Amino acid sequence: MAENLLEVKNLKKYFPVKAGIFKKTVAHVKAVDDISFAVKEGETLGLVGESGCGKSTTGRTILRLLEATAGEVIFEGKSVMDLDKKAMRAIRRDMQIIFQDPYASLNPRMTVADIVGEPLDIHKLAKNKKERNEKVREILENVGLGAEYMHRYPHEFSGGQRQRIGVARALAVDPKLIIADEPVSALDVSVQAQVVNLLQDLQKEYGLTYLFIAHDLSVVKHISDRVAVMYLGKIVELTDKHELYSNPKHPYTQSLLSAIPEADPKKKKNRIVLEGDVPSPVDPPSGCRFHPRCPKAFEPCSVKEPEFKEYGDGHFAACHLLDK
Amino acid sequence: MNKQALVEVKNLKTYFYTEEGIVKAVDGVDYEIYPGETLGIVGESGCGKSVTSLSIMRLVESPPGRIEAGEINFQGKDLTKISEKEMRKIRGNDISMIFQEPMTSLNPVYTVGDQIIEAIMLHKDVNRKEARKQAIDMLKKVGIPLPEQRVDEYPHQLSGGMRQRVMIAMALSCDPKLLIADEPTTALDVTIQAQILELMNSLKESYGMSIMMITHDLGVIAEVSDRVAVMYAGKVVEYTDVDTLFDDPKHPYTWGLMNSIPKLDKDVDRLEAIPGSVPSPLNFPKGCKFNTRCPLAEGKCYDEEPPLEEAAAGHKVRCWRYKDLEEIKKRGERIYEDRGVQK
C-alpha cells in the first residue's frame, strides 16, 4: 500500500461576513467545515461537488493560499500549518497548483519563457540564464508546446495552449503533488480531452500525485483513482471510483450521478431530480446539511449530524440511512 | 418528412465586417424545424451556433454584422426580408429566446413581475391587472414556489436556477411557436440543470411548441433533441435524428467529439482527443474546414469543400471520406492518433 503523501485532518475554513460601519463580524460562511481525507502517493483523488460546496477553498487552504480556520494539513509526514513564510515557500516547490481560468491565471505582460521560468528563479533551480532557458524549453516540449513559443505572450495562444502553459509552470519545479482546480472546465470539449490526456501522461512520466478538483463527474471518474463528493462544506462520500459510480451510498451522490445528462439518447434513466437549491453556507441546515433536499430524509436527519465513517473496504460516507 | 416545416433556414450566411477582415460566422447553413420537435444544434465555441439563432431573431448587431445571403422562412414569411416593425411583432411573440446567463438577461432594476408583464402587455391586448395575473400564473407553471410573492422580487433575490425559470416564464408568456434556447443550462449546476431540462421537456409537450436547443454539451443534446445539427466553423457538418447520430456518427468531427468525452458507464484508458484547435474564422483553411485537425484528410479534402450530402435516408454529412470512416469503425479502430508526451 502506498504511503499517504498528503493528509488533511478536520480542516475548517470560515470566511467572516462583515456588516455595519465598524465592519463587525456578524456571521461566518462555513466554506469548508471539518473535512478529513488523505491522498496516497502516485494516485489521483478527485474532489467533486457543485458550485459553492467548498472544493476550491479546500485546494487553496491546503496550499495555504488561504489560511485555515482550524485543522491540520500534513504533507510527507510534516504539518504545514505552522511553517513560517520561508519554510512554506520551500515546501510549495513540492505542491503546485493549476487554475481553472487559463485567461486570468497567466500574466499578460510576461512571455511564456518568463512565466514558466519564474518558479525556477524563485526556487533557484537554474544556475544561469542559459540553463534556465534550457529547462524551460524542455518543460514546454513535455507539455506539447514547441520551443518556438518561448518568447510569445499569453494572448497569442488558444485556451487549450494556455492551459498547457499553466501545466508547464506547475511542472517547472518538479513537484510531487499538483492540485488541479477545474483545469479543463473552461475549455472546449475537444480540447478538454487533450489536456486530460496530457495530465495522465505526465502523471505516468513523473510519478505525480493529483488532487483533481472539478464539477464534471464524468471527467473526474475518468482521471481519478478515488473520488470524494462534497456538499456544502462537508465530504459526504469518499471511495474508489468504480465503487462510487456503481454503488453510491449517499443520496446526494445518487442524485448527482443521475442528474448528469449522458451522451446516449436511448438510455432512459430513473432520474432523481432534487428539489430546490443548495442552501446558503452562512446558515447551513441543522443536522445533516442535505436533509432539506434529500428524498430519503427521516427523523434523525434534521436533528443530528451524521458521522463520516467507513462502511467496508475504504468506502466512507456520512448518512443516517446507512445506520438504519 | 411530409410535415410542413415551422422554420426553414436556407443557405444562411451571416458575416461580420471587422477591422481585421470578414468573419464568416455562419457560412451557408441549412436546416428545418418542424412543429413540436426539438432541434439540437451542437458545436464548440466559435462554430456559429449562436449567430444562426440571433439571425433568426434578427438580433445580429449591425454593423459590424450582416445577414449576407439566404432565407429564413417562418410561416410563409422570409424573416430576412420583412421590416423591423413586422419583426417586432414576431419577436417575443411567435419566436422567443432564452439565454445562457440569466443574470445579465434580466434587468436588475425592475421586479421580475414587471418584466414579464411588459412582455405580455406588448403582445397581448390585456390590461395590467390581467397581465399580472397571467405573469403569476406563468411563474407557477415554471415551478417557482410562492409565485404571488416572487413576482414582486428583483432578479438578485433569486438563485441562478430560479432566474432561468423566470426567463422561461417570460419567454413562454405569449405562447410562442418556437423557443430558441441558447445554452440555457451551461451556467447552472448539474442538479439544477436536470430540473431545468425536465421543465423544458414538460412545457414543450403541454404547449406543443418547437425548441431550438443550442449547446456544446452532447449529453444535453441526447437528452432533449429529436434531431441534431452538428456545426463546425460556420457550417453544418452532420444533420440527422438523434438516435442515428449517436449510433452511427458519419463525420470524423462528430466521431471525435463523442469519443473525447469520458463516459460514466464505460472505462477507457485514454480519451480520443481531436488534435489542435478550431481555426480562426478570419483564416479558414481552403477545402474542408476540418482538414487541419482531421486524421483522414487527404488530397481532395485540401482543395475542395465537400457538400452536405445525403449519406443515408435522412442522414446528411459534409465529408469526402465518410465511407472510409465507416470502414475504420467496422474494424473497431481509433481514428485519432495519440500524440502523447513528446520527448
Scan the range A:269-301 for residues that are loosely packed, with under 15 Cβ neighbours inside 10 Å and either hydroxyl-bearing (Ser, Thr, Tyr) or farther than 27 Å from B:Gly219 by Cβ (or both) and report the count. 6
Being of a type in the set (D, E, K, R), within 14 Å of chain A (Cβ to nearest Cβ) and in contact with a Ser or Thr (Cβ under 9 Å, 6 or more places away or on another chain), is that true of even one residue in the range B:289-303? yes
Against the condition at pLDDT 90 or above, under 30 Å from B:Glu309 (Cβ atoms) and in a loop (DSSP other than H, G, I, E, B), how does B:Gly70 come out, does it pass? no
Test: residue in the range B:161-172 that is surrounded by fewer than 19 Cβ atoms within 10 Å (Cβ to Cβ), on the phi < 0 side of the Ramachandran plot and in contact (Cβ under 8 Å) with a residue 40 or more places away in the chain: no
Looking only at helices (runs of 4 or more DSSP H) that lie completely in the range A:17-123, which have at least 3 residues being in contact with a strand residue (DSSP E or B) (Cβ under 7 Å, 6 or more places away or on another chain)? A:55-62
Filtered residues of the range B:207-219 (kept if surrounded by fewer than 24 Cβ atoms within 10 Å (Cβ to Cβ), within 9 Å of another protein chain (Cβ to nearest Cβ) and of a type outside the set (Gly, Ala, Ser)): B:His216, B:Asp217
Given the condition within 22 Å of B:Val9 (Cα to Cα) and within 8 Å of chain A (Cβ to nearest Cβ), answer yes or no: does some residue in the range B:231-244 qualify? yes
Taking the range A:159-213, which residues are among the hydroxyl-bearing types (Ser, Thr, Tyr) and over 20 Å from B:Thr186 (Cβ atoms)? A:Tyr206, A:Thr209, A:Tyr210
Take A:Val39 and decide whether it is at pLDDT 90 or above, more than 24 Å from A:Gln203 (Cα to Cα) and not charged (D, E, K, R). no
Only one of (1) surrounded by 17 or more Cβ atoms within 10 Å (Cβ to Cβ); (2) closer than 23 Å to A:Gly46 by Cβ; (3) within 12 Å of chain B (Cβ to nearest Cβ); (4) not small (Gly, Ala, Ser) fails for A:His242. Which number is that? (1)
Please list, ordered by residue number, the strands (runs of 3 or more DSSP E) wholly in the range B:1-62 having 1 or more residues that are hydrophobic (A, V, I, L, M, F, W, C) and farther than 20 Å from B:Val242 by Cα. B:7-18, B:21-33
Scanning for something touching a strand residue (DSSP E or B) at 6+ places or on another chain (Cβ under 9 Å) and not in a loop (DSSP other than H, G, I, E, B), does the range B:116-138 turn up at least one residue? yes
When you go through B:Gly40, B:Gly46 one by one, which is the residue that is at pLDDT below 90 and under 21 Å from B:Val237 (Cα atoms)? B:Gly46
Being modelled with pLDDT under 90 and either of a type in the set (Gly, Ala, Ser) or in contact with an Asp or Glu (Cβ under 8 Å, 6 or more places away or on another chain) (or both) is the filter here; which residues of the range B:130-146 pass it? B:Gly143
Might you check whether a residue that is without any contact (Cβ under 8 Å) to a residue 40 or more places away in the chain, of a type outside the set (A, V, I, L, M, F, W, C), crowded, with 23+ Cβ neighbours inside 10 Å and under 28 Å from A:Leu6 (Cβ atoms) occurs anywhere in the range A:166-176? no
Condition set more than 9 Å from every other protein chain (Cβ to nearest Cβ) and among the acidic types (Asp, Glu), scope the range B:173-200, selection surrounded by the fewest Cβ atoms within 10 Å (Cβ to Cβ): answer is B:Asp175
Which is within 21 Å of the chain's Cα centre (by Cα) and either within 9 Å of chain B (Cβ to nearest Cβ) or farther than 30 Å from A:Val173 by Cβ (or both), of A:Ile213, A:Ile235, A:Ile260, A:Ile272? A:Ile260
Please indicate, with yes or no, whether at least one residue in the range B:115-124 is farther than 24 Å from B:Ile196 by Cα and buried (at least 16 other Cβ atoms within 10 Å of the Cβ). yes
Looking only at the range A:145-164, count every residue that is within 11 Å of another protein chain (Cβ to nearest Cβ) and in contact with a Ser or Thr (Cβ under 6 Å, 6 or more places away or on another chain) and tell me the total. 2
Any residue in the range A:77-87 that is more than 14 Å from chain B (Cβ to nearest Cβ), surrounded by 19 or more Cβ atoms within 10 Å (Cβ to Cβ) and either touching a residue at least 24 places away in the same chain (Cβ under 8 Å) or within 13 Å of the chain's Cα centre (by Cα) (or both)? no
Hits in the range B:255-288 - residues which are within 11 Å of chain A (Cβ to nearest Cβ), touching a residue at least 24 places away in the same chain (Cβ under 8 Å) and either under 27 Å from B:Ile22 (Cα atoms) or assigned to a loop (DSSP other than H, G, I, E, B) (or both): B:Ile261, B:Arg270, B:Glu272, B:Ala273, B:Ile274, B:Pro275, B:Val278, B:Pro279
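The values are calculated or read from the model by the stated rules, or taken from the named source; none is laboratory data. Here the structure is a predicted model, which means the values were calculated and not measured. Cβ atoms come from the backbone with ideal geometry, glycine included; neighbour counts cover every protein chain shown.
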